[in-house]
1. So which residues in region 235-260 are outside any loop (DSSP other than H, G, I, E, B) and out of contact with any Lys or Arg (no Cβ under 9 Å at 6 or more places or on another chain)?
2. Tell me, which residue of region 89-128 that is touching a residue at least 40 places away in the same chain (Cβ under 8 Å) and among the basic types (K, R) is least open to solvent (accessible area, probe 1.4 Å)?
3. Report yes if E517 is among the acidic types (D, E), open to solvent by 10 Å² or more (accessible area, probe 1.4 Å) and closer than 19 Å to N254 by Cα, otherwise no.
4. Out of the residues in region 426-466 that are part of a loop (DSSP other than H, G, I, E, B), open to solvent by 30 Å² or more (accessible area, probe 1.4 Å) and polar (S, T, N, Q), state the one that is nearest to I324 (Cα to Cα).
5. List, please: which pairs have Cβ atoms under 8 Å, are six or more places apart or on different chains, and start with a residue in region 541-554 that is closer than 18 Å to I498 by Cα and of a type outside the set (D, E, K, R) and end with one that is open to solvent by less than 100 Å² (accessible area, probe 1.4 Å) and part of a helix (DSSP H, G or I)?
6. Quick check: anything in region 139-147 assigned to a loop (DSSP other than H, G, I, E, B), more than 25 Å from the chain's Cα centre (by Cα) and at pLDDT 90 or above?
7. When residues of region 334-360 are filtered for being touching a Lys or Arg at 6+ places or on another chain (Cβ under 7 Å), open to solvent by less than 60 Å² (accessible area, probe 1.4 Å), over 20 Å from L308 (Cα atoms) and of a type outside the set (D, E), how many remain?
8. Does V214 qualify as being crowded, with 24+ Cβ neighbours inside 10 Å and in contact with a strand residue (DSSP E or B) (Cβ under 6 Å, 6 or more places away or on another chain)?
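The values are calculated or read from the model by the stated rules, or taken from the named source; none is laboratory data. All values reported here derive from a predicted model rather than from experimental measurement. Backbone-built Cβ (ideal geometry, glycine too); neighbour counts: all protein chains shown. Side chains included, ligands, DNA and RNA excluded: accessible areas come from the protein's heavy atoms. Shrake-Rupley method; radii C 1.70, N 1.55, O 1.52, S 1.80 Å.
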Amino acid sequence: MVSSPHLCTAAIAAPVGSGSLSSSSSSSPPPSTFENNHNDSNRGININHQFHRRGGSHVPMPKPSHKPPSTFHTFQGDLQSQDIFVEAIRKRNDKIKILFPGSDRFEMQRNDVWNHDIICIPSLILEPKSEREVSDCLKAYSEGVHKCLSANKRHKASFAIPRLCVAGGKNSINCMREGSIVIDLCRMSSVKLDLDSQTVKVQGGAKIIDVDAVLGDYGLVAPLGTSQHLGVVGCVLGGGLGYASRKYGLSCDNVVAASVILADGRLKNCTQDEHKELLWGICGGGGGLGIVVSVTLKCYPLRHAALLTFDMPTIDMQQNRDVIRYWMNWINGDVDNENPVGGRVILPNKEPAPKEVFSQLMIPTNSSSISFVGTSIDTNAISQTDGFIEMYASFERKQKKRGFLNQFLAVGNHGAFSEQNIPHGWQDIPGLSDLIENKFGIATRKHLQFRMLRYSDQLQSISNAYFTPGNIFSSIKYAKKITNTILEVLIHATSGEISPKNESKIVIMSMNGNISENKSAGKRTCFCSRDMHYMIYIEGKWDACDDHKLGKEKDKVKRWVHWVVNKLHLCEGIRSGVHPESMLDMVSKSGKSKPPTGWYNFNEHNGRKLNILKHQRDPRNVFSFASRVSWSRSISAKFDDYTDDDDKTMSTDIKEIDFVKDGEIQPTDFLKQQKVEISAILKTIQTDDFEGNGENCHDWISNNKSEISASGSTDEVSVASDVKRLLSISEGDDDLKDWSFSPVPLQRSDFNHSKLKLSSPQSVEADLNDEDFSRDD
């Protein structure tokens, strides 16, 4: 998993004041009078609310459950809507810790995020400490939405509906949003190791550093990301690429079990025998199915690893090209000799680096030097005896004292090492030993260092030097091979005129190995880029400064990232990631043109199946801002190798119709009144697609014809028009219980059970009744 601020459980909701489900987008005006008949201690007390009139308004409002917000922040949200949700939370469970804007802990938590650009002021931050409290938070949130909708309809109010965020490791762009209600899992970060089964159970708020601290004492590792600041659940949701992944697989490949709380508050304990489909969707699906409160991972015996690092100064773009081409030939045996820029032909490496070796290249935009990192976890070449690292460090200190002159001469000889002054142990590590002579076409290597170190704390912490928190705008892509076309995009992005010349960088990480070879893991997870050989992390970063310069720097960095991403989308062999940052990928300025192949992140089978799970497990789309799910039939994955024989694709029964698929509609489109052609809907949606809603697709369209005509077009329907229907129905508030942030229906062909074995909507509806949250903590 890339060590960047991109992964975490991500399910956010529209900010307060967005008017996503309210009849007006404006928040209610602040009250002219504020009744507060209780002191500060009442923040933690369950208060019996009474309705009263606030500021002479004719709309009944719940009594304020907390003191007026502090003056030390700029929260501009709807206080009356906030009161409704606080009342619902405390009525259900008064033990849930609620943080209000202005409190010290609120300020600390909202600023404790990896990406400083997403620092904002949520409406409330909830800190549950158990699975039951998480369940109560979700149930209370649904009740609060229902109450706001009822008040808006009955009393012509304009309560804004805050969307929901889930914060685990707090690396994702969606862990907090302005005016949202945040469920922060920071109080659920325990790590429990089972030595008998060699598995570790990790709660949803734990980070990689928490797992390393426990496993390191027992000489074990769990394949997780390269940065200790990443959330463990975020690694599982995004795939999870780390130093041990080429040998032991991705993080999602090593999930044994998971506990998920759905949007309606039900707990699901998922294994390969129970709720198998939900576990499949969690592993590499990007989130959006529920709140993952714990995962159980496989562990492997590993204490020590080898690390090789050096910098390669380059004088021009051609040397940058040579370094990357020689590097990918060394690590994976990949080379593109078709019309290379510069004309240099490289012989393919028939013996690439073993799968115990992981490597990455970091290409900065403010330097003419490329940084190399190579690691090995080969237990046959590296002693795993307790105390070996201390003995090695002592030996190295003695060697440096005796051989200082030889090392001085080696540096003067541009990094050429003789048999006597090679760092001890380097020549014994398969794969890394090749780099004693192979210098990737560069004559000089600077800051060369070879070390033996502990995996859990020393190796896992090296990324702290080059992946640091700050103002970040990033994207992740996968590549089958770094072709010459892709290479030109990367070179011009970092060394050309488009380069921002600041802390921004591009990092290329090696995949392949057991990631692509493990076919059984491919069938157990929905991660759809395991056939790729490289992950490309584009990190745009800018310094904090005064507001005027800050805005200009941010715009420059965003333009740079979008330029790189859009160019990569057009290249052959590129695929997008499932991280929440993929929502920010631009298709075109108008948004109407068909996306290029590189924009998609799933094949058709996995994309459709994941969307079915989404509609079944979260029909109201409470977790509406989870990762983008988009699929393309042109993705040339080794599909049959990663699909069960009884779970084949249904694409042979689908007619080639060019229309906007469910998977291509981003959650943000709902807030922007995105338009969808009626003709496209009528072509693909059948009459029973609205089963359970009391009307079919044709009735729904005909019932909204007046609204469509009023909008100025009789051939389009807004995907947000379902909100208008909710607010204009009869006086019976029971109908409002069917509120949803996702009015876009599924296609009937998605429920072709002969081609795709998945629980039917009827079985899921029955499942609602036979399992509820019943565990006592």
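1. C235, V236, L237, G238, S245, listed by residue number.
2. R90
3. yes
4. Here the residue is N438.
5. W542/L550; W542/E553; W542/K554; W542/K556; W542/V557
6. Of the residues in region 139-147, the ones assigned to a loop (DSSP other than H, G, I, E, B) are none.
Taking every residue of region 139-147 in turn, none turns out to be assigned to a loop (DSSP other than H, G, I, E, B), more than 25 Å from the chain's Cα centre (by Cα) and at pLDDT 90 or above.
7. 2
8. Here the answer is no, as V214 does not meet what is asked.
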